[in-house]
Structures are given as C-alpha cells and as structure tokens.
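We did not get these values from a lab; they are worked out from the coordinates using the rules stated. Note that the coordinates shown come from a computational prediction; the quantities given were computed from them, not determined experimentally. Here the Cβ positions follow ideal geometry from the backbone for every residue, glycine too, while neighbour counts run over all protein chains shown.
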C-alpha cells in the first residue's frame, strides 16, 4: 500500500520542487540541494550520488512523505530527498 501511495505522490507532486541530498558529516549532516528542472544540476546530482555511493561507500535511501526509507542502488531524479547512510566501520 505504501509503495502505491509513494508512486501516486510522485505522479502528482510538482516536478519543479528541488531535490535534496542529506549527507552525514562531522557537524551532524549537510544538505545539498539540486534543481531537477536544470539539466546541469541533474548531471551534478547524479555525479555526486555516484561519488557518495561508489567511492565513499555510502548507502542511499529515499525518504517518503511518511518518513519510511527505501534503499536505492542508482540515482533517482524523481526523489525529493535522498538520505545517505555512512558505512559501518569496525575496529
């Protein structure tokens, strides 16, 4: 049911809404905002996604309106917010 609602929300929400990445850092987290209507911003967002998921080994998840997170493996330009989760480190 929740996935159906999420798909419906994506279909009706304005595409002009910016997308944002929430990335943990030493201050708590930083937010990077991209304009999904700007092709150059979309390219930068996808490149940043690949950098975080590929090189830095973060896990990416999309946060839905009800706060639920769904892990994703590839860039989703329709996501309103992508949350990046730092990899676990043993020691």
Separation in nanometres of the label points that stand 7 Å from Cα toward Cβ, at residue 29 and residue 50:
2.5
Using 0.36 nm per residue, how much length does the chain from residue 59 to residue 22 gain when fully extended, once their Cα-Cα distance is taken away?
12.2 nm
Among 42, 52, which comes first, second and so on when ranked by fewest other beta-carbon atoms within 10 Å?
42, 52
Return the distance in nm (one decimal) between the two label points of a simple spin-label model at residue 89 and residue 71, each offset 7 Å from Cα along Cα→Cβ.
2.1
